[in-house]
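Below: one structure, written as structure tokens.
The values are calculated or read from the model by the stated rules, or taken from the named source; none is laboratory data. Because the structure is predicted, anything quoted here is derived from the model rather than measured. Cβ: placed from backbone, ideal geometry, glycine included. Neighbour counts: every protein chain shown. We work out accessible area using only protein heavy atoms, side chains counted, and drop any ligands, DNA or RNA first. Shrake-Rupley method; radii C 1.70, N 1.55, O 1.52, S 1.80 Å.
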Amino acid sequence: MSRIGKKPIAIPAGVTVDLAQGNLITVKGPKGELNRQLVSEMEIKVEGAEVTVSRPNDLKRNRSFHGLTRTLIYNMVYGVTEGYSVDLEINGVGYRAAKEGKKLNLTLGFSHPVIMEDPEGITTEVEGNNKITVKGIDKEKVGQYAAVIREKRPPEPYKGKGIKYANETIRRKAGKSGKK
């Protein structure tokens, strides 16, 4: 039995979970609304203030999707109540970020500024010149947009210049060794 899959999901006050035909789940909360089509084989039940997920049999496919389905529903409930955020740091001389309306303006050592527009449902905040916070209610979209921002100038291993996650550690390499 899946340890994660058999745990019930508590629905906090102010959150509604609706289940439609074919396991289309809608979660509404104080921060917004999320919809997702889940695997039709899983049996999802909304009873009172709890959501439970069970599988019809122990086929490999159903065992695989049991914990995943439960986690996806939990992430939706958490997203509409608390929301998700990812912190990025910019390191390097002359590297900086600025916010102009819904656009994120990055100066990353290229001959041109890198301008990115926030996707629907995602907001970015800039603290100082070198801290970017990506916020939203959908965990996948927040993580993906943070990865797209980081991809513009990933950190290099010699001086650590570039955009990195706040909790990421860069494995540094030794520079050139001079011959004597």
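Calculate what fraction, in whole %, of the accessible area of the chain sits on carbon and sulfur atoms when a 1.4 Å probe is rolled over the protein chains.
49 percent
Taking Cα atoms, how many degrees apart are the long axis of helix 139-151 and the longest axis of the chain, rounded to 10 and kept between 0 and 90?
20 degrees
So what is the accessible area of the range 1-154 per residue, in Å², with the probe set to 1.4 Å?
Result: 57 Å² per residue.
Tell me, what is the FRET efficiency for Arg36 and Ala174 to the nearest 0.05, using R0 = 41 angstrom and their Cβ-Cβ distance as r?
Working: r = 47 Å, r/R0 = 1.15.
Efficiency, from the Cβ-Cβ distance: 0.30.
Measure up Lys152/Lys176; Lys28/Lys60; Lys102/Lys161; Lys6/Lys60; Lys28/Lys152 against 22 Å on the Cα-Cα distance and list the ones that go over.
Those over the limit are Lys152/Lys176; Lys28/Lys60; Lys102/Lys161; Lys28/Lys152.
Does a label point 7 Å from the Cα of Asn167, set along Cα-to-beta-carbon, have any residues of the range 112-136 with amide nitrogen under 18 Å, and which are they?
Of the residues in the range 112-136, 132-136 have backbone N under 18 Å from the label point off Asn167.
Cut-off under 20 Å on the C-alpha distance; same-chain residues fewer than 8 positions from Lys164 excluded. Which aspartates and glutamates are left, in chain and number order?
Within the straight-line cut-off, Lys164 pairs with Asp87, Glu89, Glu117, Asp118, Glu125, Glu127, Glu140, Glu151, Glu156.
With every protein chain present, what accessible area does Arg153 have (1.4 Å probe, heavy atoms only), rounded to the nearest 10 Å²?
60 Å²
Using the alpha-carbon atoms, what tilt in degrees (0 to 90, nearest 10) does helix 60-81 show relative to the longest principal axis of the chain?
70 degrees
Assuming R0 = 35 Å, can you tell me the calculated FRET efficiency for the pair His112 and Lys28, based on Cβ-Cβ distance, to the nearest 0.05? Display every interim value, and only then the final one.
Values: r = 42 Å, r/R0 = 1.20.
Efficiency at R0 = 35 Å is approximately 0.25.
With n ≥ 4 as the cut-off for DSSP H runs, can you work out [θ] at 222 nm for the chain, using -39500 (n - 2.57) per run divided by the number of residues, rounded to the nearest 500? Could you put the intermediate results ahead of the total?
Values: 2 runs with 35 residues, N = 180.
Computed ellipticity for the chain at 222 nm equals -6500 deg cm²/dmol.
Which of Ala20, Ala147, Ala98 ends up with the largest GNM mean-square fluctuation for the chain, with Cα atoms connected below 10 Å?
Its mean-square fluctuation being the largest, the pick is Ala20.
Could you tell me the calculated FRET efficiency between Leu19 and Leu68, based on Cβ-Cβ distance and R0 = 22 angstrom, to the nearest 0.05?
Values: r = 17 Å, r/R0 = 0.77.
With R0 = 22 Å, the Cβ-Cβ based efficiency is 0.85.
Thinking of the range 3-64 as a set of Cα atoms, what percent of all their pairs are more than 18 Å apart?
On the way: 740 of 1891 pairs.
Pairs farther apart than 18 Å: 39 percent.
I want to verify the translational diffusion coefficient of the range 114-174 in µm²/s; compute it with Stokes-Einstein, Rh as the Kirkwood radius over Cα pairs, at 20 °C and 1.002 mPa s.
Working: Rh = 12.7 Å.
Translational D for this selection: 169 µm²/s.
Per-residue accessible area for Phe65 at 1.4 Å probe radius, Å² rounded to 10?
50 Å²
Please give the Cα centre distance for the range 122-180 versus the range 28-94, rounded to the nearest Å.
The range 122-180 and the range 28-94 have Cα centres separated by 26 Å.
Under 12 Å from a point placed 7 Å out from the Cα of Asn130 along the Cα-to-Cβ direction: which residues of the range 140-164 have their backbone N that close?
Flagged as within label range: 160-164.
At q = 0.08, 0.19 Å⁻¹, what log₁₀ I(q)/I(0) does a Debye calculation on the Cα points of the chain give, no solvent, two decimals?
-0.38, -1.11
Can you give the Kirkwood hydrodynamic radius for the range 51-90, in Å, rounded to one decimal and based on Cα pairs? Provide the component values of the computation, followed by the final result.
Values: mean 1/r = 0.0821 Å⁻¹.
So the Kirkwood estimate lands at 12.2 Å.
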